[in-house]
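Enquirer: I am attaching a structure below and will ask some questions about it afterwards.
The values are calculated or read from the model by the stated rules, or taken from the named source; none is laboratory data. Because the structure is predicted, anything quoted here is derived from the model rather than measured. Cβ atoms come from the backbone with ideal geometry, glycine included; neighbour counts cover every protein chain shown.
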Amino acid sequence: MRRSLVTAAALVSGLLVLLDLLVVNPSLGEAAGALNELLVLLVAAAAVGGGATLVAHHLRALASGGDDPIGSIVLLVGMAAIVVAGLRPGSSGSSDPVVLWLVAALLAPLAASLFALLFLFLLRAVRRGFALRFRETAVMAAAAAMVIVLLLPIGGQAGEWLTATAGWVRAVPLGGVFRGLLIGVGVMVAISAARSLLTLDRDDE
Amino acid sequence: MPNLGELMANLISALTNAVGSSSMRLGAAPTVGILLVLLVLLSLLARPLARWSAADLGQLTRIGRAMALSAESGADATVSLGTAGVVRAASATDRFQTLGSLPLLGHVAEAAARAGVPLSVTTNDPVAALFAEATLAGAHRRTATPERASASTVEYIGEGRALAAAAALAGARSHGLAMVAGGLAEEGLLLLDGVLGDAEWSVAGTASAGQAAGPLLNGDGSLIGPELLQAGGEVSASGSARAVVLAANRLIWTVIGVLLIGSLVAWAGGPQVAAFLAGR
């Protein structure tokens with residue numbers, strides 16, 4: 001397809017959605033809704049295609065004696081289990097008890113175990129950070145240590161002072177940094193969105 | 001038989017009816033504000049007024065050398081587009097980071113194509129995988145290296161943030177160059193550690209404010225907050241991309257100015273500027 005056609009389609013679609021954001025008009029709303037429905041169709045098709053590609057990738061890896069046959073087998077068996085549980089005759093789909101059990105008894109604990117590793121990986125990351133850039137990591141570690149001290153479960157007057165200080169740190173310095181980052185991100189998102197809307201890339205330079 | 005005059009009359013009537021049946025969704029001031037921002041953007045995009053000297057955000061200039069070293073040592077390169085995807089159930093800002101990281105992917109892909117280094121891209125969103133495939137194809141087209149396109153692969157690893165982190169940890173190995181760019185959440189540190197691991201050179205970037213520490217600690221080069229989106233303009237040599245960065249800087253200063261003036265006005269007992277701008 002000619003590049004100008006793609007550019008025109010992106011520009012018209014973007015302007016239509018932008019106009020629908022600004023103006024309440026039934027016809028405009030229907031046109032933007034139709035675009036959204038097309039997007040949903042695209043996503044559904046891409047999801048099915050992505051899943052099929054994933055299966056094909058691991059089947060190929062098994063057939064060619066790839067590096068991790070056990071991983072491929074586990075993935076394929078897991079996918080098959082969920083698909084069979086959700087699509088077997090009489091199943092109620094994603095709310096089927098078997099699917100819910102698979103999620104609650106297998107997926108959720110696995111994910112929780114994975115996230116439990118975060119503490120260890122944080123320590124490793126800090127060590128790596130000290131090796132790569134001492135100054136920034138030292139500031140970060142000092143700030144983290146200060147927050148830990150402020151959040152210590154201590155009672156009495158000292159505890160109240162620590163709690164109040166922790167609240168102030170969260171609301172003022174941390175809140176200020178977060179707002180600054182988010183304002184910057186918001187501005188850059190607007191710039192990048194305009195760039196995407198106008199389909200500007202290096203080919204245009 | 002209708003003549004040209006009747007056709008024009010019908011067209012004007014249809015347009016008039018469409019305008020008459022419409023109303024402002026956000027009110028006058030916010031609508032004018034949005035259009036004004038767009039106007040400023042368009043004017044700056046079309047006609048850059050000053051020269052922009054870009055900083056080396058995330059030390060991206062070292063990617064070419066890292067790729068050359070990878071080619072010499074026979075190592076490969078890998079890129080992860082974060083865990084937010086494009087159409088996943090994540091916040092709009094997180095998902096936009098995936099789009100913002102595509103120019104960086106294109107930059108890495110061009111360097112890999114020139115050096116003949118195999119590049120693998122992983123994502124947990126099928127639509128992002130489609131975008132990544134198009135980006136890699138574009139890089140091989142621009143560098144006139146179609147014979148090396150088969151060495152560049154995009155892999156959809158399945159749905160889920162935890163899955164992305166688990167896949168990264170399970171498949172961790174040494175790379176010549178590794179990059180993670182895009183939206184991250186709690187799993188960010190696991191993903192970064194798995195993908196970047198023992199890479200000879202690594203770049204990590206996210207605009208997710210809560211995950212800023214991960215790229216700082218794990219990547220040799222870091223893109224934090226707006227830098228991830230700004231870097232897309234930095235990697236281009238000249239022209240409109242620099243104008244985008246210039247426009248961003250001007251808008252940032254404008255926002256800071258509005259915030260300061262608005263705060264002073266509110267402090268002095270004047271009208272609430274924020275309420276006016278937000279249309280409340």
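Enquirer: Output the residues belonging to the stretch A:91-112 that are in a helix (DSSP H, G or I), surrounded by 13 or more Cβ atoms within 10 Å (Cβ to Cβ) and among the small types (Gly, Ala, Ser).
Expert: A:Ala111
Enquirer: Among the residues of the stretch A:3-12, is any within 30 Å of B:Arg25 (Cβ to Cβ), under 25 Å from the mean Cα position of the chain (by Cα) and not in a loop (DSSP other than H, G, I, E, B)?
Expert: Yes: the stretch A:3-12 contains one or more residues that are within 30 Å of B:Arg25 (Cβ to Cβ), under 25 Å from the mean Cα position of the chain (by Cα) and not in a loop (DSSP other than H, G, I, E, B).
Enquirer: Okay, moving on. Taking only the stretch B:58-95 into account, find how many residues are touching a strand residue (DSSP E or B) at 6+ places or on another chain (Cβ under 6 Å), in a helix (DSSP H, G or I) and either closer than 21 Å to B:Pro226 by Cβ or free of Cβ contacts under 8 Å to residues at least 40 places away in the same chain (or both).
Expert: Selection size over the stretch B:58-95: 2.
Enquirer: Further question on the same structure: Could you grab me the full set of residues in the stretch A:116-136 that are in a loop (DSSP other than H, G, I, E, B) and among the basic types (Lys, Arg)?
Expert: Keep residues of the stretch A:116-136 that are in a loop (DSSP other than H, G, I, E, B), which gives A:117, A:133.
Hit for the stretch A:116-136 is A:Arg133, nothing else.
Enquirer: Answer yes or no as to whether A:Thr53 is among the hydroxyl-bearing types (Ser, Thr, Tyr) and modelled with pLDDT of 85 or more. Step through it out loud before you land on a result.
Expert: Numbers: among the hydroxyl-bearing types (Ser, Thr, Tyr): yes; modelled with pLDDT of 85 or more: yes.
So A:Thr53 fits the description; yes.
Enquirer: With the checklist (1) buried (at least 24 other Cβ atoms within 10 Å of the Cβ); (2) farther than 25 Å from B:Gly232 by Cβ in hand, flag the one item B:Glu159 doesn't pass.
Expert: Answer for B:Glu159: the failing condition is (1).
Enquirer: Then there's this: Select from the stretch A:137-163 the residues that are of a type in the set (Gly, Ala, Ser), assigned to a helix (DSSP H, G or I) and more than 14 Å from chain B (Cβ to nearest Cβ) and list them in ascending order. It would help to see each step written out before you state the result.
Expert: Just the residues of the stretch A:137-163 that are of a type in the set (Gly, Ala, Ser), to begin with: A:138, A:141-145, A:155-156, A:158-159.
When the remaining residues are screened for being assigned to a helix (DSSP H, G or I), the result is A:138, A:141-145, A:156, A:158-159.
Result: A:Gly156, A:Ala158, A:Gly159.
Enquirer: For the stretch B:125-159, which positions are closer than 24 Å to A:Ser72 by Cβ and touching a Lys or Arg at 6+ places or on another chain (Cβ under 7 Å)?
Expert: Result: B:Asp125, single match.
Enquirer: Of (1) modelled with pLDDT under 80; (2) closer than 30 Å to B:Leu216 by Cβ; (3) within 14 Å of chain A (Cβ to nearest Cβ), B:Gln59 satisfies all except one. Which?
Expert: (1)
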